[in-house]
Amino acid sequence: MSKLVLYGVETCPPVRACKLTLAALGLKYEYKLVDIVAGEQRTKEYFLKNPQRSVPTLEDDGKFIWESHAICAYLVRRYAKDDALYPKDYFKRALVDQRLHFESGVLFQGCIRSFAAPLVYKNETEIPRSKIDEIFEAYDFLESFIGNQPYLCGSGITIADYSMVSSVSSLVGLAPIDSKRYPKLSGWLERMSSLPNYHSLNGDGAQKLIDMFNSRITKIG
């Protein structure tokens, strides 16, 4: 098997989604931290790997892929022994894809980046209450997505669960999940957090991101 290298940073939810997928597939890889604060992603060397200058980036035998959903789907197609994590059946795959699009468009871009970018790049310290309300609105959708099944797309875990948990676990510090209001979502998060090595792969990084948010936010309102 060719050498795999994952470029990323622990606090980044999409990086953690890739790490969960790599672990589920039992793949060995080298993990290279990208010093975002120092601007390593803006170097010419990194630009040649990923002209979007983002993380995560996956290197496989000298070829480079970025954007976590593309990476996770590639890893399953390329290395999985079966298609359980990303089904070949057209309907089942469409369901996974819908959840992935929801995660990237609503949870990550619409919720996390919408308040994280002003905190990090503009040194703003206040978050409008409407931003928190949007997180709970996203939780409402997830509650209905899960329904009476254990995971987002049915009885088994898919890459949609790995992507979604990377974002949800990063939001609970600002918008705690009430098990009475969200019993399905709460149960799903508990099941995901009981996965082997969950904390080293995702939970610890999510907590670091939550701590960073809390250290910068002075007011929600």
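Computed from the coordinates by the stated procedures, all read-outs in this text should not be read as laboratory data. These numbers come from a predicted model, not from an experiment. Note that each Cβ is placed from the backbone with ideal geometry, even for glycine, and that neighbours are counted across all protein chains shown.
Of all lysines in the structure, the ones whose alpha carbon falls short of 27 Å from that of LYS88, not counting any fewer than 8 places away in one chain, are LYS3, LYS19, LYS28, LYS63, LYS184.
Applying the Karplus relation 6.51 cos²θ - 1.76 cosθ + 1.60 with θ = phi - 60° to segment 20-36 yields 3J(HN,Hα) values of 5, 5, 4, 5, 4, 8, x, 8, 8, 7, 8, 10, 10, 6, 9, 7, 5 Hz, where x marks Gly and Pro.
Computed from label points 7 Å out along Cα-Cβ, the spacing between LYS180 and ASP82 is 4.1 nm.
Taking 0.36 nm per residue of sequence separation and subtracting the Cα-Cα distance, how much length would be gained by fully extending the chain between LYS32 and ARG216, in nm to one decimal? Mind dumping the intermediate values first?
On the way: separation 184, 0.36 × 184 = 66.24 nm, distance 2.67 nm.
Using 0.36 nm per residue and subtracting the Cα-Cα distance, I get 63.6 nm.
Residues whose amide H comes within less than 5 Å of that of LYS32, counting only those at least five positions distant or on another chain, are LEU6, TYR7, GLY8 (H built at 1.01 Å from N in the peptide plane).
Once you sort the root eigenvalues of the Cα gyration tensor of segment 130-221 as a ≥ b ≥ c, which label holds: rounded (a/c under 1.5), prolate (a/b larger than b/c) or oblate (the other case)? Could the numbers behind the result be given before it?
Values: a/c = 2.37, a/b = 1.30, b/c = 1.82.
Oblate.
Annotation for ASP61 and ASP140: the two label points, set 7 Å from Cα along the Cα-Cβ direction, are 4.8 nm apart. Only DSSP H runs of four or more residues enter the estimate; each adds -39500 (n - 2.57), and after division by the residues of the chain the mean residue ellipticity at 222 nm equals -15000 deg cm²/dmol.
Taken one residue at a time, the phi angles of segment 109-115 give Karplus couplings (6.51, -1.76, 1.60, θ = phi - 60°) of 6, x, 9, 5, 5, 5, 10 Hz. Gly and Pro are set to x. Between the amide H of VAL172 and any residue lying 5 or more places away or on another chain, no distance stays under 5 Å, with hydrogens modeled in the peptide plane. For percent of Cα pairs over 30 Å apart, computed directly from the structure shown, the correct entry in (1) 65; (2) 22; (3) 45 is (2).
Per-residue Karplus couplings for segment 45-54, computed as 6.51 cos²θ - 1.76 cosθ + 1.60 with θ equal to phi - 60°, are listed in order as 4, 6, 4, 5, 7, 8, x, 7, 6, 10 Hz, Gly and Pro entered as x.
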